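Participant: Can you keep this structure in mind? I'll have questions shortly.
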Amino acid sequence: MANSNIATGLTPRRHRNGAPFVGPLRKYYVPASDATALFIGDPVIIAGTGDDRGVPAVTRASVGGRITGVVVGIANDPAVPASNDMMELGYRAASTEGYVLVCDDPTVLYEIQEDSDTSTLAKTSIGLNADIIIAAGSTYTRRSGVMLDSSTAATTATLALRIVELEQRPDNEIGTTAKWLVAINLPTETGAAGSTGV
């Protein structure tokens, strides 16, 4: 059975210790000066600033960079009327002040689809690191277009994700556009600079 080809970014599934993912989430601010739309599943990085109340700001993470967490929802805030519109949209529109809910726990494992553009991951890819590939999110599905860049899989410590295992479910198998469980290898929340893959 062929795998579906539906990129949805990073989706929290469980913790490294096997416990199910049940939150909690943290609210982050995104200023109107940020011209990049944010979708559910987008990786984000802390932006070194915040709103006037001290809520930290994030922006979408970049290829080859560190990751604070993953957007899992849009937050309403009475102090920012535009956030009500974003709740209806289901994503944070570009250049619109608002708030997002982020899973920033560095122990969480995420499901992500590999891009399989020039190579496909194999069972021997487990334990390697890989980078993300940025693609625009969908205003229809409200989901991220971010995928695991399968051609970057290596032991290199500076790659953003650690490949943990194939997501175990009947509609997923090793091969083109497979869904993998990954850990964030370059988290901003631990101070660790990343570890070498095995």
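Participant: Relative to the present Cα-Cα distance, how much length would full extension add between A154 and H15 at 0.36 nm per residue of separation?
Facilitator: Values: separation 139, 0.36 × 139 = 50.04 nm, distance 2.32 nm.
Stretched out fully, the A154 to H15 stretch lengthens by 47.7 nm.
Participant: Relative contact order of the chain, please, whole-number percent, based on alpha carbon pairs below 8 angstrom and at least 6 residues apart. Walk me through the numbers before you get to the answer.
Facilitator: Working: 550 pairs, mean separation 51.3, N = 198.
It rounds to 26 percent for the chain.
Participant: How high is the relative contact order of segment 26-103, in percent, counting Cα pairs under 8 Å that sit 6 or more residues apart? List each step's numbers first, then the result.
Facilitator: Numbers: 185 pairs, mean separation 33.2, N = 78.
Once divided by the residue count of segment 26-103, the mean separation gives 43 percent.
Participant: Within segment 32-82, list the trypsin sites (Lys or Arg not before Pro) lying in a DSSP loop whose Cβ has at most 14 other Cβ atoms in a 10 Å radius. Before the final figure, lay out each step's value.
Facilitator: Numbers: sites: R53, R60, R66; in loops: R53, R66.
When the trypsin sites (Lys or Arg not before Pro) of segment 32-82 are filtered for loop state and at most 14 Cβ neighbours within 10 Å, R53 remain.
Participant: If you don't mind, there's one more thing I want to ask. Under a point spin-label approximation (7 Å from Cα along Cα-to-Cβ), what is the T49-N5 distance to one decimal in nm?
Facilitator: In this crude label model, T49 to N5 measures out at 4.0 nm.
Participant: Within 10 Å of each residue's Cβ, count the other Cβ atoms and sort S144, S116, S125 from fewest upward.
Facilitator: Values: S144 29, S116 19, S125 22.
Listed from fewest to most nearby Cβ atoms, that is S116, S125, S144.
Participant: Give me the extension gain from S33 to L89: residue separation times 0.36 nm, minus the current Cα-Cα distance, reported in nm with one decimal. Can you show the working numbers first?
Facilitator: On the way: separation 56, 0.36 × 56 = 20.16 nm, distance 1.90 nm.
In short, 18.3 nm is gained.
Participant: What residues have an amide H closer than 5 Å to that of A178, excluding those fewer than 5 places away on the same chain, when H is modeled at 1.01 Å from N in the peptide plane?
Facilitator: Answer set, sorted by chain and number: E114.
Participant: Further, regarding this structure: Under a 10 Å cutoff between Cα atoms, tell me which one of N76, N129, N17 has the largest fluctuation in the Gaussian network model of the chain.
Facilitator: In this elastic network of the chain, the residue with the biggest mean-square fluctuation among N76, N129, N17 is N17.
Participant: If you don't mind, another one. Using a basic spin-label model with each label point 7 Å from the Cα along Cα→Cβ, how many nm lie between Q168 and V63?
Facilitator: 3.4 nm
Participant: Gaussian network model of the chain, Cα springs within a sub-10 Å range: biggest mean-square fluctuation belongs to which of A75, A47, A130?
Facilitator: Per the Cα network of the chain with a 10 Å cutoff, A47 tops the list.
Participant: Please identify the GluC sites (Glu not before Pro) of segment 97-198 that satisfy two criteria: DSSP loop assignment and at most 14 other Cβ atoms within 10 Å. Which are they?
Facilitator: Details: sites: E97, E111, E114, E165, E167, E173, E189; in loops: E97, E167, E173, E189.
For GluC sites (Glu not before Pro) across segment 97-198 that sit outside H, G, I, E and B with at most 14 neighbouring Cβ atoms in 10 Å, the list reads E173.
Participant: How large is the helix-only mean residue ellipticity at 222 nm for the chain, computed as the sum of -39500 (n - 2.57) over DSSP H runs with n ≥ 4, divided by its residue count, in deg cm²/dmol to the nearest 500?
Facilitator: Working: 1 runs with 8 residues, N = 198.
Helix contribution divided over all residues of the chain: -1000 deg cm²/dmol.
Participant: Hey, another quick one. In whole Å, what is the distance between the alpha-carbon centres of segment 113-145 and segment 1-44?
Facilitator: 13 Å
Participant: Which residue fluctuates most in the GNM of the chain (Cα springs below 10 Å): L89, L186, L101?
Facilitator: Highest fluctuation of the listed residues: L89.
Throughout, read-outs are computed from the coordinates displayed, never taken from laboratory work. It should be emphasised that the depicted structure is a prediction, and the values quoted were computed from it without experimental measurement. Backbone-built Cβ (ideal geometry, glycine too); neighbour counts: all protein chains shown.
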